[in-house]
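Structure, as structure tokens:
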Amino acid sequence: MKSVSISGSLRENVGKRDAKAQRAKGMIPCVIYGGQQQYQFVVDQRQFKDLIYTPEVKYAVLDLDGKKFNAILQDAQFHAITDNLLHVDFLEVVENKPITIDIPVKVSGTSPGVLRGGKMAKKVRKLKVRGLLEHIPEYINLSIDGMEINDNLRVSDVKIDNITVVDNPSKVLISILTSRNVDDSATEAAAE
């Protein structure tokens, strides 16, 4: 999994008034928790461009006044009207402790059902997985090779080394649906 370096400075004052003043300066109030200690800090809002505003999943290497932490984005709060970033929560990644994170799903291969006129329906964009940081992939590749019309690919069909998929095992990820112009001659020939 890719990482993004973010540097911030610890907050001396904590509260609504200080947070509002920091946002006026272009700084975003943040917190990191999950380790031995919780830290409140501020980060320049431009540094979140490669972490929040991207479809890729990345972890952050936080540098807080000389202390380094590996962390994942736990939550980001936005203003309801202006959609400006207001606050960010980070979860510290502790060595040898598994994390739960959403990973993007990519589809590869060629489905015989689609070649005959079926339609592929991708039902999810991300899957929730659990594992150690070093084993978490950048994305999950789902192959549709061999999928015929009315076939489904479910969470239970996804196998990744050293990673546990947390989503419901019966959840459908990809379906090959029928459409009006399906070529039935191949299906009839196979049945005879």
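The single residue among G118, G109 that is of a type outside the set (D, E, K, R) and modelled with pLDDT under 90 turns out to be G118.
Tell me which of these N70 doesn't satisfy, since it passes every other one: (1) crowded, with 17+ Cβ neighbours inside 10 Å; (2) free of Cβ contacts under 8 Å to residues at least 60 places away in the same chain; (3) of a type in the set (S, T, N, Q). Failing condition for N70: (2). For segment 36-66, filtering for residues that are open to solvent by less than 30 Å² (accessible area, probe 1.4 Å) and outside any strand (DSSP E or B) leaves 3. For first residues located in segment 142-154 and open to solvent by 50 Å² or more (accessible area, probe 1.4 Å), partners that are at pLDDT 90 or above and among the aliphatic types (A, V, I, L, M) and lie 6+ apart or on another chain with Cβ distances below 6 Å form the pairs D151/I176; N152/V172; R154/V172. Only one of the numbered conditions (1) in contact with a strand residue (DSSP E or B) (Cβ under 8 Å, 6 or more places away or on another chain); (2) at positive phi is not met by I52, and that is (2). When the test is whether a residue is over 30 Å from D18 (Cβ atoms), at pLDDT 90 or above, part of a helix (DSSP H, G or I) and among the polar types (S, T, N, Q), S156 passes it. Scanning segment 15-35 for residues that are in a strand (DSSP E or B), of a type outside the set (A, V, I, L, M) and in contact (Cβ under 8 Å) with a residue 60 or more places away in the chain gives a single hit, C30. Screening segment 82-134 for strands (runs of 3 or more DSSP E) wholly inside it with 2 or more residues that are of a type in the set (K, R) and open to solvent by 30 Å² or more (accessible area, probe 1.4 Å) returns the ranges 119-122, 126-131.
Taking the condition modelled with pLDDT of 90 or more, loosely packed, with under 14 Cβ neighbours inside 10 Å and of a type in the set (S, T, Y), does S5 pass? For S5, the condition - modelled with pLDDT of 90 or more, loosely packed, with under 14 Cβ neighbours inside 10 Å and of a type in the set (S, T, Y) - is met.
The values are calculated or read from the model by the stated rules, or taken from the named source; none is laboratory data. Keep in mind that what you see is a predicted model, and the values were worked out from it rather than measured. No Cβ is skipped: glycine too gets one built from the backbone with ideal geometry, and neighbour counts run over all protein chains shown. Accessible surface is based on the protein model in full, side chains and every heavy atom, while ligands, DNA and RNA are left aside. Shrake-Rupley method; radii C 1.70, N 1.55, O 1.52, S 1.80 Å.
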